[in-house]
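See below for the structure under consideration.
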Amino acid sequence: MDWEEYAASALRSFAEASTAEELAAAHTDALGRKSELKVALRNVRDREAGMTLNAVRERLEEAFAAREIELTRAELTREDELLDVTLPGTLLRRGHLHPLTQIIREVEDIFLGLGYEIVDSREVETVWHNFDALNQPLTHPSRSHRDTFYVDDETLLRTHTSTGQIRVMETRKPPIYIATLGRTYRRDTPSPKNTPSFHQVEALAVDRNITLADLKGTLLHFTREMFGEGREVRMRTNFFPFTEPSVEFDVTCFLCAGQGCAFCKYTGWFEMGGAGVVDPAVFENVGYDPDEWSGFAWGLGIDRIAAQRLGIPDIRMLWENDLRVLRQF
């Protein structure tokens, strides 16, 4: 085999290639696994022959790399000449706020319209602010490690945003009208209505002569602003350690419009949260005179509000980051 002629022929094929595909084909013929050069290299038996063949191989590989660079530059130059910089670019999809963030901002706007102050508070709290100051008895199930995420014996991830209300009352004198919003944590089994991490909004009003009627009026205003005039609201008596009297309130189910379905367990109603007149023991814990001051407090799950407003049957969908869901809102 005349290896000089072999190299010259390969170099001509590299030089004559005008596209990347033609150059790749020439490379396969000259330097591919089944090419004469590679077969000879595998069968070489003496040092001089090996040196000659390797010299040819290195020469061809360098020529191939140089020609590959030339073709790439030529293609880039051609594309630059074809590019019209005056044409409009590719439109990028605009992002938007997460549905929960949208609802949170709406909730804040409603309370600001009522003259309330929006308060942010810490997510890692003390047992005092989360339970003791709110008149929660030591035997209450929510204090268990099975229900609450504890950092240590005196520190936990807050189970509600009422902790922010306690901190405000510890540092301010009435009258107080605040709304506390944020993320809370409970050891709940994920389900269409519950997740271990969720958002809450809680309102607190402390003033003279506050009654349950003021609470009901505020709730009705909030519900109508959030869900529209067509939704019905009901209040049911209940018990909470931090309010007396206490109530729970529901709105008609968005799926069945109050007719009853699997989502609302065929009741026609969807539970939104608890409320009531602030218990005198809570006022005493923060240094308020319950004979002078009265107030109401109530809390809602923002995730449930979002589900009701947006027609989402499972609040876990708000946490799964599925763009097929999120892009709808």
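The values are calculated or read from the model by the stated rules, or taken from the named source; none is laboratory data. All figures in this text were calculated on a predicted structure; none of them were measured in a lab. Here the Cβ is made from the backbone with ideal geometry for all residues, glycine too, and neighbour counts use every protein chain on show. Just the protein is used for accessible areas: all its heavy atoms, side chains included, with ligands, DNA and RNA removed. Shrake-Rupley method; radii C 1.70, N 1.55, O 1.52, S 1.80 Å.
His96 contributes an accessible area of around 100 Å² to the protein surface, as traced by a 1.4 Å probe with all chains present.
Would you work out the charge dipole size for the chain about its Cα centre, treating the Cβ of every Lys and Arg as +1 and the Cβ of every Asp and Glu as -1, and quote it to the nearest 20 debye?
940 debye
With only Cα atoms counted, region 185-296 has Rg and Dmax values of 16.1, 47 Å.
Starting from the Cα coordinates of region 81-181, work out the convex hull volume and express it per residue in Å³.
Residue-normalised Cα hull volume stands at 217 Å³.
For the pair region 99-145 and region 175-238, the centres of their Cα atoms are 10 angstrom apart.
Counting only heavy atoms of the protein chains and using a 1.4 Å probe, Met1 has close to 140 Å² of accessible surface. In a simple Cβ point-charge model (Lys, Arg +1; Asp, Glu -1; nothing else charged), region 9-144 has a dipole of about 860 debye relative to its Cα centre. Once Lys and Arg get +1 and Asp and Glu get -1 on their Cβ, which of Thr243, Met317, Phe283 lies farthest toward the positive end of the dipole of region 199-326? Projecting each Cα onto the dipole axis, the largest value belongs to Met317.
Its Cα gyration tensor gives the chain an equivalent ellipsoid; the semi-axes, largest first and in whole Å, are 74, 25, 20. Its residues counted as N, region 1-128 yields a C-alpha radius of gyration over 2.2 N^0.38 Å of 2.38. Around Asn130, what is the net charge, scoring Lys/Arg as +1 and Asp/Glu as -1 over all other residues with Cβ under 15 Å from its Cβ? It works out to a net charge of -2.
Taking amide H as placed 1.01 Å from N in the peptide plane, the amide H of Cys253 sits under 5 Å from that of Gly258, Trp269, Phe270, each at least 5 places away or on another chain.
What percentage of the solvent-accessible surface of region 1-116, computed with a 1.4 Å probe over protein heavy atoms, is contributed by carbon and sulfur atoms? Walk me through the numbers on the way to the answer.
Working: 4470 of 8470 Å².
That fraction is 53 percent.
Between the residues Tyr6, Ser35, Gly95, the greatest Cα displacement towards the positive end of the dipole of region 1-149, with unit charges on the Cβ of Lys, Arg, Asp and Glu, is found for Ser35. What you get for region 206-297, charging only the Cβ of Lys and Arg (+1) and of Asp and Glu (-1), is a dipole of about 580 debye around the Cα centre.
By the scheme Lys and Arg +1, Asp and Glu -1, what is the net charge of all other residues having a beta-carbon under 13 Å from that of Asn209? Within the 13 Å Cβ shell, the charges total -3.
Here's the picture: charge each Lys and Arg Cβ at +1 and each Asp and Glu Cβ at -1 in the chain, and of His129, Thr252, Thr180 the one pushed furthest to the positive end of that dipole is Thr252.
Taking a span of 24 Å or more along the helix axis (Cα atoms) and a mean Kyte-Doolittle hydropathy of at least -1.0 as the rule, the DSSP H helices of the chain that qualify are 47-82.
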